[in-house]
Amino acid sequence: MKLKLLFTGLICCQFFSAQYNYPATPEHPVVDDYFGTKITDNYRWLEDLKSPAVQSWFKAESDFSNTIIDKIPHREDLFKQMKDIQNMSGDSFGVIMQRQNSYFYTKTKKGENLSKLYSKDISTGKEVLIFDPEKIKKGTQITNFTVDLKAQKIALLLSKSGGEICELKILDLNAKKLLNDSIDPIWSEFNFEFTQDGKSIIYTKMSTGDPNSNMLLKDMKAMLHEIGTDVKNDKILASRVDYPELNALTEQFTSITFSDDYKYIILRLSSVKSESPIFVAPYSELKNKKINWKQIVKASDDITDIYISDDKLFLLTHKDAPNYKITLTSLANPDFINAKVVVPESKDAVIIAIHTSKNYLYYSLGNGITRDKYQVNIKTLDTKKVPLPSGVNSSLSLNPHENDNIYCENMNWLTPLTIYDYNPEKGAPVKSRYLSSDGNYPDYNKLYTVKEIEVKSHDGVMVPLSIICPKNMKMNGSSPAYITGYGGYGISYEPRFSQRLTALLEQGVVIAIAHVRGGGEKGENWHKTGMKANKPNTWKDFIACSEYLVAQKYTSPSKLIGNGVSMGGVLIGRAITERPDLFAVAIAEVGMTNALRSETTANGPNQIPEVGTLQNEEDTKNLMEMDAQSKVKKGVKYPAVIIRTGMNDSRITPWEPGKFAAILQKNSGSGKPVLLYVNYENGHFTSDKDVVFHEYSDIYAFALWQVGHPKFQPVK
């Protein structure tokens, strides 16, 4: 019977491969000379997203992909499986804060797809629905919000269908209506907050809201808006043009905040580089025509975060401490060299992040697999571990202006989220009474096992690899396996429970996460040894981890699915162009696969600190090595590939995944399908669970078809 199933699957694959009559993609060669190295780009014309011919091509590719995917059976079963796992959970929370005696939070109720804004009285537990974004228009999502100190107004950052170019609206809680104030465009991740009296709001304004403009993420301005006035009269607090003394770069973000005690305004010239120039000014400067900024941190100081309390300046820094340390100096006269060490560098773990409550500073100490939480008394500097369960523990302050209440989350690969309330003055953390996501999951630890190991990479460096697999599985190479990684910006791929990946586990798929260089699992050195000239370590680590899965017979090359998302596009793109024989399927999601052209996009200059610039010969050599697009060769037997893009994506512009699909379709000699999976509503991501689950049920069904999973074989 097994032989019959395998034979049927083989026939189906052959049947479909004979029908891969991809949409016509003309080649219009453009030759670039990169410091003496000439590279031909046949698909440069696809970069003009306003061209009717390009738009028609994307539509044709999307339609073609859908005709193939629609023939794969049991996709709806995968979707239902993800929904069933979601429905085992309780409600899920987004942004949470406390004002006076109430919690304010975004919540997606069990069984719903989008979050709404609620409040809850802490004394009585009574919950009130404050705002449903879809009352404005279907598909509208709350990206972020903040509440003024008196809980009279809420500023809402709203987006359409997961797009990242947002509009800021203000809700009057007493009148229960939106005010006329409308501020846009604002990027989804930019900070905004009310002034102490609640009469104004600070924010960062983009120079344009045109997603196809090259100025999209350039020349931004930190602004002050007085509520009830015309936004045209908003005051500029910082910008490259109006404040030349800041020496801001065109691509740097003018990110602006207040200190918790409202004594200072804090300005960061942010980018993907964690070490930002930081300036401060007294809060009283807001009334002046122009802010008198004082620089306290330079990028070269290797400081990634600060906290100000009166004249105390706490610093999170990796200067002479690749695993980071926390130091203390005077704000009035900063002396970083002789700063007092409050939390020394750890040999075995990395200080990942800091945040504060009214009287405490909190930091996370992690190794990429576990993350513990610690507190520091701001006055005495006494340090204590917060007694949370083992796993990945993250936290945020609910109202650092007024109290020490913090919200804590705990999870693992197989353990869904548990929420705890904690106040250092009131004892140990307790499961949250009012902010609970508790569900009714099976005990996945009885069904699956997690193995945390290290794999020797190409240069002998040991790379952490997380493997999640069925207990007592047969180690004979017959199981499908899915391996993913990231490797960028010093971001760690920490354990987290995933409804999507759990659905794959339930299909008998081994899940593996490669903690490759370029991430932050082992500190700043781990990041640096996976960027610019060292970027090849990222995909070579990924290849080494994939080879380990095959060597140990978790899977085999005919069953191995590789995945990379966003900056992970470099990882998966170069893994399959360097070792096409190692993978059966590649899933490239909204990925940077054309690194040589990325700098020409709106988000490109922002990436220079991480990947380099074409203006520099050495950097250009590195970018050529990262560029998967130019590494595709005629006749090479590449894996089956599905490439996801969102047409509203402003981080990785859609032509980058589009060009990768075009060149693979033209040149792959394997006869395996190459599909461009296009979402016309979304950008880089969306919070709409149904949209997410539909996308992944399609993508995973494609992958499972290609590795021969019997449930997903199309009928001839």
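The values are calculated or read from the model by the stated rules, or taken from the named source; none is laboratory data. Bear in mind that the values here come from a model prediction, so they are computed numbers and not experimental data. FYI the Cβ positions are ideal-geometry reconstructions off the backbone, even for glycines, and counts take in every protein chain you see.
Brief remarks follow.
- Failed criterion for GLY198 (all others in (1) within 15 Å of ILE165 (Cα to Cα); (2) assigned to a loop (DSSP other than H, G, I, E, B); (3) among the small types (Gly, Ala, Ser); (4) in contact with an Asp or Glu (Cβ under 9 Å, 6 or more places away or on another chain) hold): (1)
- Residue count for region 583-636, restricted to those that are in contact with a Lys or Arg (Cβ under 9 Å, 6 or more places away or on another chain), assigned to a helix (DSSP H, G or I) and among the β-branched types (Val, Ile, Thr): 2
- For region 238-248, filtering for residues that are in contact (Cβ under 8 Å) with a residue 24 or more places away in the chain and either in a helix (DSSP H, G or I) or in contact with a helix residue (DSSP H, G or I) (Cβ under 8 Å, 6 or more places away or on another chain) (or both) leaves 3.
- Of all residues in region 113-142, those satisfying the criterion of being more than 18 Å from LEU398 (Cα to Cα) and surrounded by 15 or more Cβ atoms within 10 Å (Cβ to Cβ) are ASN113, LEU114, SER115, LYS116, ILE130, PHE131, PRO133, ILE136, GLY139, THR140, GLN141, ILE142.
- Any hit, region 696-710, residues being under 27 Å from GLY36 (Cα atoms), small (Gly, Ala, Ser), at pLDDT 95 or above and in a loop (DSSP other than H, G, I, E, B): no
- Total residues in region 141-156, condition hydrophobic (A, V, I, L, M, F, W, C) and within 18 Å of the chain's Cα centre (by Cα): 1
- Filter pass, SER466 being at pLDDT 95 or above, out of contact with any Ser or Thr (no Cβ under 8 Å at 6 or more places or on another chain), of a type outside the set (A, V, I, L, M) and surrounded by 18 or more Cβ atoms within 10 Å (Cβ to Cβ): yes
Residues are listed down the side, and each one gets a yes or a no for (1) surrounded by fewer than 21 Cβ atoms within 10 Å (Cβ to Cβ); (2) under 25 Å from the mean Cα position of the chain (by Cα); (3) of a type in the set (Gly, Ala, Ser):
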{"position": "ASP234", "(1), (2), (3)": "yes, no, no"}
{"position": "ALA238", "(1), (2), (3)": "no, no, yes"}
{"position": "PRO244", "(1), (2), (3)": "yes, no, no"}
{"position": "THR250", "(1), (2), (3)": "yes, yes, no"}
{"position": "ASP260", "(1), (2), (3)": "yes, no, no"}
{"position": "ILE265", "(1), (2), (3)": "no, no, no"}
{"position": "TRP293", "(1), (2), (3)": "yes, no, no"}
{"position": "VAL297", "(1), (2), (3)": "no, no, no"}
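- Verdict on MET97 being of a type in the set (A, V, I, L, M, F, W, C) and under 30 Å from GLU656 (Cα atoms): no
- Here region 427-479 is the region considered, the condition is being part of a loop (DSSP other than H, G, I, E, B) and among the aromatic types (Phe, Trp, Tyr), and the residue that is nearest to SER556 (Cα to Cα) is TYR441.
- In region 286-317, residue nearest to THR380 (Cα to Cα) [restricted to those that are assigned to a loop (DSSP other than H, G, I, E, B) and touching a strand residue (DSSP E or B) at 6+ places or on another chain (Cβ under 7 Å)]: ASP311
- Looking only at region 482-500, residues that are over 22 Å from ASN537 (Cα atoms) and either free of Cβ contacts under 8 Å to residues at least 24 places away in the same chain or in contact with a Lys or Arg (Cβ under 8 Å, 6 or more places away or on another chain) (or both) come to 1 in all.
- Meets criteria (among the β-branched types (Val, Ile, Thr), at pLDDT 95 or above, under 22 Å from LEU435 (Cα atoms) and under 21 Å from the mean Cα position of the chain (by Cα)) for VAL350: no
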